[in-house]
Structure formats: structure tokens, C-alpha cells
1. Restricting to the range 56-83, name every residue that is among the aliphatic types (A, V, I, L, M) and touching a Leu at 6+ places or on another chain (Cβ under 7 Å).
2. If Asp98 passes every condition in (1) in contact with a Ser or Thr (Cβ under 8 Å, 6 or more places away or on another chain); (2) under 30 Å from Lys126 (Cα atoms) but one, which one does it miss?
3. Restricting to the range 63-92, name every residue that is of a type in the set (A, V, I, L, M) and open to solvent by 80 Å² or more (accessible area, probe 1.4 Å).
4. In the range 18-35, is there at least one residue being modelled with pLDDT of 90 or more, under 27 Å from Glu121 (Cα atoms) and either assigned to a loop (DSSP other than H, G, I, E, B) or of a type outside the set (A, V, I, L, M) (or both)?
5. Taking the residues in the range 93-106 that are open to solvent by 30 Å² or more (accessible area, probe 1.4 Å) and in a strand (DSSP E or B) as candidates, determine which candidate is nearest to Tyr39 (Cα to Cα).
6. Ala109 fails exactly one of the following numbered conditions: (1) open to solvent by 100 Å² or more (accessible area, probe 1.4 Å); (2) modelled with pLDDT of 95 or more. What is the number of that condition?
Amino acid sequence: MIRSALMVACGVALAAPAVAYAQDDVPPTTTFTPPPMQYPFVAISPSKSTAGEDVLVSVGCAKDDFGEVKSMVLDRIGTFEVTSEDPVILGTVAHISDKAKPGFYAVKATCKTTTVTINLEVAPVKTPAPTLPPAPSAKPTKATPPKAVPAAGRRQVSKIPVGAPQTGGGFA
């Protein structure tokens, strides 16, 4: 009996890898199921902008339950329209105040009795680097005055040679 129990245990141990190997032949699934969406929600795109820019505000909320969107940094918020039916998503364009200082600002959306919040980052406005004149290619040199032209009637040499020029040697 011990011998038969041992044979069964060995048989099970040897069969388990074969079963696991057989499962590798199953093709992987190609569909992706996204995780369930947290509802209600508020989203800003882009989430990092500069003062004076427009952003897209999206709110996931049933149209009848939608209340309002507020933020101290948004000076104009457009009229919300349904941009998706399932799930219902409302969207509009909002303008960041031209006077907004860099930092993080809360954007709150009310859906029935629930308020959801997201942060909008206002980044500093990038100032263009000052343009400098091109650097000189070489170090400036001191200007040399032109050579003086001898006055008429004056000689350039102190001794005037006489006779044929001496070239040295002769016939060798």
C-alpha cells in the first residue's frame, strides 16, 4: 500500500509540469479591459500651463447631476457640453487668468452632492534669452600708419653706389 501511494504521488508530480506546459500553447488575449473609472471626476488638459493659456476641463458626471466648476485661477469657463455618452463626460474650454502667478491651483467640480478636485499647475512664462551681438572673430589689432612717402628731391639712401654691381667671383 505504501508502494502504491508512492507511485501515485510520483505520477502526479510528473504530470503537473506536462499540464503547465500544455497551457503555454494557449494564445494570449489581445483585448484590454481598462480598470473601472472613478466617477465623478474632473480632469484638466494640459495639467501644466502658463498664464493666459486655454485649457480643456472635463467632468465625469451625469448631465442632470452636474453642478459647477470653480477655480480662483480660471477667469473664463465656457459652457459644458457632453463629449462622451458612455460614460457621460462633459467638457469645455477655460482660460487661465493673465495675472496668474506660478504655482498649483485647485479646480473643483460639483456633481450632485459630491465635490471632486484636481490641481492645475501654472508654470512660469519662459522669457527668451537676450540676443547678444556676435563676438568678434579675432582680437582687434593696433592700426599701423602707412609708410611715409619721401619728399621730392630727397634721397632714400645715404650713399649712392657707383659702377657695376659686385656679384662676386668670376670665371673659375
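1. Our first condition is that a residue be among the aliphatic types (A, V, I, L, M); within the range 56-83, this holds for 56-57, 59, 62, 69, 72-74, 77, 82.
Within the range 56-83, Val59, Val73, Val82 qualify.
2. (1)
3. Matches in the range 63-92: Met72 only.
4. no
5. Going through the range 93-106, the residues open to solvent by 30 Å² or more (accessible area, probe 1.4 Å) turn out to be 93, 98-99, 101-102, 104-106.
Subsequent filtering for residues that are in a strand (DSSP E or B) retains 93, 104-106.
Values: Val93: 21, Phe104: 23, Tyr105: 22, Ala106: 18 Å.
Here the residue is Ala106.
6. Failed condition: (1).
The values are calculated or read from the model by the stated rules, or taken from the named source; none is laboratory data. If you're wondering where the values come from, they're calculated on a predicted model, not measured in any experiment. Glycine also receives a Cβ, built like all others from the backbone with ideal geometry; neighbour counts cover every protein chain displayed. Note: areas computed on protein heavy atoms with side chains; ligands, DNA, RNA excluded. Shrake-Rupley method; radii C 1.70, N 1.55, O 1.52, S 1.80 Å.
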